[in-house]
1. Longest span of the chain, sites excluded, free of trypsin sites (Lys or Arg not before Pro) in DSSP loop with at most 12 other C-beta atoms within 10 Å?
2. Leaving out ligands, DNA and RNA, what percent of the accessible area of the chain is carbon and sulfur, probe 1.4 Å?
3. With springs only between Cα atoms under 10 Å apart, run a GNM on the chain and tell me which of Tyr163, Tyr346, Tyr95 wobbles the most.
4. Find me the longest stretch of the chain that has none of the exposed GluC sites (Glu not before Pro), where exposed means in a DSSP loop (not H, G, I, E or B) with at most 11 other Cβ atoms within 10 Å.
5. Quick check: Cα centre of region 302-380 to Cα centre of region 211-254, how many Å?
6. Please list 3J(HN,Hα) in residue order for region 126-140, calculated via the Karplus relation 6.51 cos²θ - 1.76 cosθ + 1.60 where θ = phi - 60°; whole Hz, with x for glycine and proline.
7. Go through Lys72/Lys261; Lys67/Lys130; Lys261/Lys379 and tell me which ones have a Cα-Cα distance over 31 Å in this structure.
8. Consider a paramagnetic label point 7 Å from the Cα of Ala35 along Cα→Cβ; state which residues of region 142-175 have an amide N under 17 Å from it.
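The values are calculated or read from the model by the stated rules, or taken from the named source; none is laboratory data. Note that this is a predicted model, so its numbers are computed, not measured. Cβ coordinates were reconstructed from backbone atoms using ideal geometry, including for glycine residues, and neighbour counts include every protein chain displayed. Protein only, heavy atoms only, side chains kept; ligands, DNA and RNA dropped before computing areas. Shrake-Rupley method; radii C 1.70, N 1.55, O 1.52, S 1.80 Å.
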Amino acid sequence: MKNISNFGIFTLLFVSSLTIMVGTVIAPSLSGIVAHKNLGFSPSWLITLPSLGVVLFAPIIGRLLNKLGTLKLLSLGLIPYAILGFVGAFITNDYILIADRILLGAATVAIQVSVTAYIAEFFRGEARMKMIAWQGMSIELGGVVFLAVGGLLGEINWQFPFYIYLIGLLCLILVALSLPKPENQSIENKVEQTTHPKNTKVTLIFIVSFLAMMSFFVGFVTLPLYLPETFGFTESETGYLMAFISVIAIITASQMPKMVKAFGDGKTVAIGFLFFMLGYLVLAISGSVLFLVLTAIFIGIGFGFTIPLLNHMMLEASTIQNQGKNLGLFSMGVFGGQFLSTFIEYVSNNYTVIYAMSAGLTLMIGVGVYIMFQKESMKN
């Protein structure tokens with residue numbers, strides 16, 4: 001097995017950050033986009049349509065991983081990611097714009113699946129968990145930077161946040177310079193030495209990943225409209241608050257391996273949902289700017305204890321033979337949850353009602369997740 005350099009690790013983490021920005025990078029300037037684009041659909045779809053693209057194309061990408069290998073698939077994802085993201089600023093036709101955002105999701109899932117599979121090829125055991133935790137931290141760090149920059153650029157010109165997608169081309173160059181090719185081994189012929197995990201655990205992780213990202217993303221699709229409307233926030237101020245959520249998620253993800261050692265993976269995930277509940281509960285009962293900070297802390301902790309850990313759990317529940325399929329399934333869960341969160345706005349025009357319902361729902365999910373993982377652990 002070839003060693004991967006620190007520069008290579010940096011490249012993996014940098015590329016990983018592209019997955020969170022696929023929809024959120026334009027979130028702070030959503031109100032400006034609405035003012036300049038005569039959209040015939042809900043503005044929040046611009047944020048979540050890439051998620052639908054991930055859901056639609058994940059099964060295909062999972063199969064392509066085994067045929068093309070991690071580096072080829074990663075390269076084939078980065079090029080359309082940059083182009084499709086950038087041209088979205090200039091498309092005026094609703095149908096073409098919708099298609100563009102959906103295809104952007106296809107490129108995104110290629111990036112996510114290939115990077116995670118590459119990590120699995122070069123890291124094992126505790127080192128893999130730490131690397132996955134770092135990946136979660138880098139994704140949220142990207143959220144911090146891209147949200148803040150997107151907010152600032154959005155104040156200058158509503159189209160400028162779309163230019164950030166061109167970073168995908170920079171990542172392509174870094175991949176070519178820093179990542180060694182994995183050993184050429186036929187997945188079909190490789191003998192798997194570990195116990196073949198049961199499909200029930202994979203299914204459970206898929207469902208919980210879907211619910212976790214749905215819970216997290218409710219804030220991301222509502223806050224860009226709620227904050228300017230209720231508190232008079234500018235694009236940059238909205239970006240700063242959403243970036244602060246990502247800062248908390250980074251700190252939390254760094255502590256996730258310690259939480260797993262202390263409580264186990266299932267309990268840690270359930271705790272994450274309880275923090276989601278606290279975040280939306282604060283939003284529902286308080287109209288104070290000061291309490292927005294508390295909301296950001298709770299939601300950030302919720303992400304840090306769920307998505308990175310579930311990613312690692314899916315890897316651990318996979319074999320070489322089904323890794324591509326399972327990582328595609330994980331991507332479907334994560335981005336399917338993002339897309340479904342869009343429809344929360346149809347629940348009510350009153351944000352207090354939306355956040356109160358979200359708090360109640362995440363509490364019930366957290367209890368259900370705890371019970372399901374307890375039952376799963378008793379089988380093993």
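1. 191-380
2. Of the solvent-accessible surface of the chain, carbon and sulfur hold 67 percent.
3. Largest GNM mean-square fluctuation: Tyr346.
4. By the stated rule (loop sites, at most 11 other Cβ atoms within 10 Å), 193-380.
5. Centre-to-centre distance over Cα atoms comes out at 18 Å.
6. Result, ordered by residue: 5, 4, 5, 4, 5, 5, 5, 5, 5, 4, x, 5, 5, 4, 6 Hz.
7. From the list (Lys72/Lys261; Lys67/Lys130; Lys261/Lys379), the Cα-Cα distance tops 31 Å for Lys72/Lys261.
8. Output list for this probe position: 150-162.
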